[in-house]
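Single-structure report; data block below.
All of the numbers you see were taken from the coordinates with simple rules; none came from a lab. Bear in mind the structure is a predicted one, so any value in this text is a computation, not a measurement. Cβ: placed from backbone, ideal geometry, glycine included. Neighbour counts: every protein chain shown.
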Amino acid sequence: MSLSIRQCVAILLKAGAIGLAVNEIRGLLLAGPVIYAMYEAGGTLMAIWLGFSSLAGIALSVIVPLFAVRKLQARLAG
């Protein structure tokens, strides 16, 4: 049974989509403690800044792979 390059890439993209779903769940799980820590710190400016920085890092680790997969799918389709 021989797989073409397109079929291999399609399988890898599907596996990547599953990985992205798991990454989304990881992002949600990591955001909870950050928000709770901001609440416990009393909402000081430093706590808000550290919380924002942490949440932005989590968001980037979720959004950048999504963007990369969409670009790759568009390039392979066209």
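In the chain, what is the volume of the convex hull around the alpha carbon atoms, normalised per residue and reported in Å³?
Details: hull volume 5.6 nm³, N = 78.
In the chain, the Cα convex hull volume per residue is 72 Å³.
Would you mind calculating the gained length between M46 and E24 on full extension (0.36 nm times residue separation, minus the Cα-Cα distance), in nm to one decimal? Could the numbers behind the result be given before it?
On the way: separation 22, 0.36 × 22 = 7.92 nm, distance 2.66 nm.
Going from the current span to full extension adds 5.3 nm.
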Task: A15-L60 pseudo-label distance in nm [points 7 Å out on the Cα-to-Cβ vector] - done: 2.8
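Which whole-number percentage describes the relative contact order of the chain, with Cα contacts under 8 Å and a sequence gap of 6 or more? Mind dumping the intermediate values first?
Values: 25 pairs, mean separation 26.9, N = 78.
Once normalised by length, the contact order is 34 percent.
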Task: Extension gain, R70 back to C8 (0.36 nm per residue minus Cα-Cα distance, nm) - done: 20.6 nm
Open item on the list: Can you tell me which of I48, I58, I11 moves the most in a GNM of the chain? Springs connect C-alpha atoms under 10 Å apart.
Closed with: I11
